């Protein structure tokens, strides 16, 4: 039996017995043209289990098909705001590559950044900084408590750079899944729109 079918069976059993309150382990990916922010997040303990601030795309694909199996994979979907270029095009290609690689890992979803920001109540300019601040606020309130230090790490210890955006994606997706506002896919083709 594959890891994918095991994950689907676990979700189906939880739905049948009424214990599904959302997935527990979420692998969230903030894609870029050459590197990705990647976070494996435990929604029950609200702890980051794995974090990569700038994982090369090839290593991100390898992480999808090996390592700890998540309950759900969420990938930030790119969106053009009327301006497109080589970087946006390459990032959209990376999203497609990750979508294909994740098909045998776990049920998955693509989430636009605007939905993540809306779910986290982040608006206006400086959204990357605001997502980081919101994650710290939601995981202890202060930098010292949420991040901690090497001698006394907090639940977000080691998250940096693009990892903050991946963490925001994981937290927002968890909230949307619990409310039934995010649909998971098991299809090979990418969802439209």
Estimated FRET transfer efficiency (residue 54, residue 179; beta-carbon r; R0 30 Å; 0.05): 0.45
Linear extension gain, residue 186 paired with residue 125, 0.36 nm per residue minus alpha-carbon span: 18.5 nm
R0 of 22 Å, Cβ-Cβ distance residue 142-residue 42: FRET efficiency to nearest 0.05: 0.55
Pairwise label distance in nanometres, residue 97 with residue 157, each label 7 Å out on the Cα-Cβ vector: 3.3
Region 3-179: relative contact order as a whole-number percent, Cα under 8 Å and 6+ apart: 29
Percent antiparallel among DSSP beta bridges (both partners in region 3-179, rounded to 5): 60
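Each value in this text was obtained by applying a stated rule to the coordinates, not by laboratory testing. The model shown is predicted, which means the values in this text are computed figures rather than measured ones. Every residue, glycine among them, receives a Cβ derived from its backbone with ideal geometry; neighbour counts consider all protein chains shown.
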